[in-house]
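Undergrad: The structure that follows is given in the form of structure tokens.
Read-outs: derived from the displayed coordinates by stated rules, not from any lab. For clarity, every value in this text was computed on a predicted model and none was experimentally measured. Glycine also receives a Cβ, built like all others from the backbone with ideal geometry; neighbour counts cover every protein chain displayed.
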Amino acid sequence: MKSVEIKEKVLLALYEIRPFLAAYGGDISLVSIADDRFVSVQLHGAFVGCSVNQMTLKLGVEMTIKKYVPQIEQVINKEA
């Protein structure tokens, strides 16, 4: 899969997870994709400083991204 395809699929995954995050007062944006394997995102709203945001990131966001792009190894939250 080419880098452009990876980015498109990651954005599609974020689009899918966004309503769930919005229901809890949050949002997410793509920061970068490194080596076509590592995705950096930024959580917004209620998820900033939230003690369970790492669980949300791993169980919700990372799982959804890997569903679209199985080669992704890790999703990292970049704090603002």
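Undergrad: Please compute the modelled spin-label separation between Lys67 and Val4, points set 7 Å along Cα→Cβ, answer in nm with one decimal.
TA: About 2.7 nm separates the two model spin labels.
Undergrad: Mind pulling the angle between the C-alpha long axis of helix 3-23 and the longest principal axis of the chain? Nearest 10 degrees, somewhere in 0 to 90.
TA: The helix 3-23 is inclined about 20 degrees to the chain.
Undergrad: Could I ask something else about it? Treating cross-link reach as a plain straight distance, find the lysines whose alpha-carbon is under 20 Å from the alpha-carbon of Lys67, omitting any fewer than eight places away in the same chain.
TA: Hits, sequence-local ones excluded: Lys2, Lys7, Lys9, Lys58.
Undergrad: Find how much the distance from Ser32 to Leu12 grows on full extension, using 0.36 nm per residue of separation minus their present alpha carbon separation; answer in nm with one decimal.
TA: Values: separation 20, 0.36 × 20 = 7.20 nm, distance 1.45 nm.
That pair, Ser32 and Leu12, stretches by 5.7 nm at full extension.
Undergrad: Further question on the same structure: Starting from the 7 Å offset along Cα-to-Cβ, what nm value, one decimal, do you get for the label separation of Phe20 and Ala46?
TA: 1.4 nm
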